[in-house]
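Input: a single structure, listed below in structure tokens.
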Amino acid sequence: MGLARPLVVVVSMIVLAPSESTAEGDVGAGREKAARERCTECHGADGLATAPDQPNLAGQKPRYLAKQLHDFRLSARGQRSNARLGERRHPTMNANARDLSDQDLVDVAAWLASLPCGTGRQVAEAPRPQKASRCHICHGPQGFSEYAMVPNIGGQNRTYLERQLIVFRDSSRGQTEWLGNRREHPMMTPQSIPLTDQEVAELADYFASLGCEG
Ligand code: HEC
Ligand code: HEC
């Protein structure tokens, strides 16, 4: 009984979380725009990252992707996001997202989401840290989320996962932006706050070692 109420609150927040872009994207137009905007130089023609600090985007949730681009665009334009939706700043991605239109966001997101996530890369197995059980309610037991606005984290790049957790946590402490990065979200920030560097490293090892399809 003690757990029922928080669960209902969390789940309804996720389900009801408003999206800035609800329109359907056009996969073909998204593919062309990603090439034209040179997204593929870093994120790959197959949506798989070309460096460890970059995320794999293939097969990611489309509304989640569009929301991230929207967040980058907002901060690039010096606008503050709705506090309920969070904030995200990263110098490179701010520059990439600044001139995208609303339609570009959803088209590119639709294309990326349509790509197979499988990397074919072998990642060493990692033990499941105790704290991973806190992540399951939103990100799924295998790092594959059921919710449109919660990203899949199974099979994501290890370095990228580690950095995101540190950026969430350190942004909440009002610390100097780490390499110009900042990220806040009303659901994810509280999850990052109690994590030590060691726990972050173990969680990143674990989720990176899982398959990307749950
Ligand atoms: C110069 C390399 C580079 C280019 C070009 C680039 N990105 Fe990125 N992208 C990154 C990096 C690095 C990150 C991680 C940002 C962070 O740490 O917050 C990122 C993050 C993202 C994310 C967030 C993913 C997540 O899981 O939250 C999306 C979506 C994205 N990029 C889409 C795009 C699109 C669309 C374009 C083209 C308009 C593009 N990127 C161009 C390097 C790049
Ligand atoms: C209450 C729900 C919830 C819980 C519990 C939760 N997360 Fe999240 N997480 C989110 C949401 C929502 C986002 C997307 C935030 C945004 O839109 O910027 C997110 C984003 C992330 C990201 C960034 C992924 C990317 O592609 O950029 C990582 C990494 C992450 N979470 C890891 C974890 C870990 C590890 C745990 C457990 C310690 C955890 N989360 C627990 C809701 C949750």
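The values are calculated or read from the model by the stated rules, or taken from the named source; none is laboratory data. All figures in this text were calculated on a predicted structure; none of them were measured in a lab. So basically every Cβ, Gly included, is an ideal-geometry build from the backbone, and we count neighbours across all protein chains shown.
Go through (1) part of a loop (DSSP other than H, G, I, E, B); (2) on the phi < 0 side of the Ramachandran plot for residue 202 and report which single condition fails.
Single failed check for residue 202: (1).
Residue by residue, here is whether (1) at pLDDT 95 or above; (2) within 16 Å of ligand 2 (Cβ to nearest atom); (3) farther than 17 Å from residue 105 by Cα holds:
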| site | (1), (2), (3) |
| --- | --- |
| 24 | no, no, no |
| 32 | yes, no, no |
| 35 | yes, no, no |
| 39 | yes, yes, no |
| 52 | no, yes, yes |
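Among the candidates 203, 210, which residue alone is at pLDDT below 95, under 17 Å from the mean Cα position of the chain (by Cα) and either charged (D, E, K, R) or more than 11 Å from ligand 1 (Cβ to nearest atom) (or both)?
From the options 203, 210, the qualifying one is 210.
Looking only at segment 135-144, which residues are in a helix (DSSP H, G or I) and surrounded by 14 or more Cβ atoms within 10 Å (Cβ to Cβ)?
137, 138, 139
Kindly establish whether residue 35 is more than 19 Å from residue 179 (Cβ to Cβ) and out of contact with any helix residue (DSSP H, G or I) (no Cβ under 9 Å at 6 or more places or on another chain).
Taking the combined requirement at face value, the residue satisfies it.
With modelled with pLDDT of 95 or more and either basic (Lys, Arg) or not in a helix (DSSP H, G or I) (or both) as the only criterion, which of 123, 150 stands out?
150
Taking residue 85 and the conditions (1) in contact with a strand residue (DSSP E or B) (Cβ under 9 Å, 6 or more places away or on another chain); (2) near ligand 2 (Cβ under 9 Å from one of its atoms); (3) modelled with pLDDT under 90, which numbered condition does it fall short on, given that it satisfies the others?
Among (1) in contact with a strand residue (DSSP E or B) (Cβ under 9 Å, 6 or more places away or on another chain); (2) near ligand 2 (Cβ under 9 Å from one of its atoms); (3) modelled with pLDDT under 90, the lone unmet condition for residue 85 is (1).
Being touching a residue at least 24 places away in the same chain (Cβ under 8 Å), out of contact with any Ser or Thr (no Cβ under 6 Å at 6 or more places or on another chain) and near ligand 2 (Cβ under 10 Å from one of its atoms) is the filter here, so list the residues in segment 187-204 that pass it. Spell out how you get there, then give the answer.
In the first step, residues of segment 187-204 are kept if they are touching a residue at least 24 places away in the same chain (Cβ under 8 Å); the result is 187-189, 191-193, 195, 197, 199-204.
From what's left, out of contact with any Ser or Thr (no Cβ under 6 Å at 6 or more places or on another chain): 187-188, 191-192, 195, 197, 199-204.
Result: 187, 188, 191, 192, 195, 199, 200, 202, 203, 204.
Examine segment 93-111 for a residue that is part of a loop (DSSP other than H, G, I, E, B) and of a type in the set (Lys, Arg), and state whether such a residue exists.
Scanning segment 93-111 turns up at least one residue that is part of a loop (DSSP other than H, G, I, E, B) and of a type in the set (Lys, Arg).
Out of the residues in segment 153-178 that are free of Cβ contacts under 8 Å to residues at least 60 places away in the same chain and in a loop (DSSP other than H, G, I, E, B), state the one that is surrounded by the most Cβ atoms within 10 Å (Cβ to Cβ).
153
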